[in-house]
1. Give me the extension gain from HIS348 to THR328: residue separation times 0.36 nm, minus the current Cα-Cα distance, reported in nm with one decimal.
2. Say each of ARG39 and THR77 gets a label point 7 Å from the Cα, pointing the same way as Cα to Cβ; how far apart are those two points in nm?
3. Which residues does the label zone of SER29 cover in the stretch 69-105, counting backbone N under 19 Å from a point 7 Å along Cα→Cβ?
4. Which percent, to the nearest 5, of DSSP beta bridges fully inside the stretch 119-358 are antiparallel?
5. Amide H neighbours of LEU229 under 5 Å, counting only residues 5+ apart in sequence or on other chains, H built in-plane at 1.01 Å?
6. Quick one: compute the contact order of the chain, relative version, from alpha carbon pairs under 8 angstrom and 6+ residues apart, as a percent.
7. Enumerate the amide H contacts of ILE51 below 5 Å, restricted to partners 5 or more residues apart or on another chain; note that Pro and chain-start residues carry no placed amide H.
8. Amide H of PHE245 versus every other amide H placed in the peptide plane: which residues, excluding those fewer than 5 positions away on the same chain, fall under 5 Å?
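Only the coordinates and a few stated rules stand behind these numbers; no lab work does. Source: prediction; values computed, not measured. We place every Cβ from the backbone using ideal geometry, glycine too, and count neighbours over all the protein chains shown.
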Amino acid sequence: MNEQPKINFDDSKAALFAEHMVDVLNNASLALMTSIGHRTGLFDALASFPIATSAALAERADLAERYVREWLGVMVTSRVVEFDPHAKTYALPPEHAAFLTTAAKPDNMAVTCQFIGVMASVEEEMVARFRDGAGTHYHDYCRFHEVMAEDSAQLVVSALMDHILPLEPGLIARLQGGIDVLDVGCGAGRAMMKLARAFPASRFTGVDLCEDAFVETQVEAARSNLSNLRFLAQDLSQVTSLGKFDLITAFDAVHDQKDPQGLLDLVHNSLAEGGLFLMQDIGGSRDLQTNIENPFAPLLYSLSLMHCTPVSIGQGGPGLGAMWGIETAQEYLERAGFGQIETHTLPHDPLNAYFLAHL
């Protein structure tokens, strides 16, 4: 019999990995508690107090003091909040508040921490999907549309006027003059809402598979008498054209479609002469080796695994996942028939890539 090769066990390497896993457990706990701090308004309340007791903080946030005190235990031991053991007071350093409060947009990382709870809500479902290879559906996810809309609001919607639209010279002037705009996979529709208000001469349409994603924005648009904005619930895999539009956008929407290539073909067929397709998607690489140095890679792969990939599979799609890569996106755009493609990254947004595609 052949002897099995002897495996050398490195005690120091094992000890370092054990320390790493302790950090993993603590940081995972902190991420979930950060989400709770954001949703309950505790970070904003802390930022409004130079120094506060747990009772004063709970009163300011209109929350139960006992739970606030335990939450503060997480924040203090995680070195997020400073604690005076003699006065029993707490303080959120301004350097930390700059990444945790509502005023911190677009840098509020507490918003993104909410995705940890969203992913955890389908853990049982995903364990089963690992075994049967089936997919999931949008309605399986607790608060997904809400969290996605908030995250997109600070990274994409808030940057439309100053950073994203200026990527295409003359686009803002065209919008001011009046053009037809379509957003595919519009989600909550906040991007179209902002543009419809900013450019009353242009006409805006948002399309998404799930009507419940944009229903609140639709109601708000009606109350605001935004006659240049409409939303449609449409399975985009069932049509080959949506009309002719001067500008079509897709914000973090292509990779989890039932038929990503088909969607890009549809976009190409729905562009008017001289039109522009503006696509934002995850700015990772399809090459795992390249992504090792990406500080957001574990989060992005996790979101891809727990949402983007199974949602696509659940629709009968290929399950490209969020990490389909800039390279694949460019290839799909070329295959759809776009002749001129530009890829941009923006300083305020390290997660995403922005594609400008012309006929």
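1. Values: separation 20, 0.36 × 20 = 7.20 nm, distance 2.36 nm.
Extra length from HIS348 to THR328 when fully extended: 4.8 nm.
2. If labels sit at ARG39 and THR77, their model points lie 2.2 nm apart.
3. Only 69-83 pass the distance filter.
4. On the way: 13 of 32 bridges.
Counting only bridges with both partners in the stretch 119-358, antiparallel ones make up about 40 percent.
5. Here PHE204 satisfy the definition.
6. Numbers: 559 pairs, mean separation 43.5, N = 359.
Taking the mean separation of contacting Cα pairs over the length of the chain, I get 12 percent.
7. none
8. LEU271, ALA272
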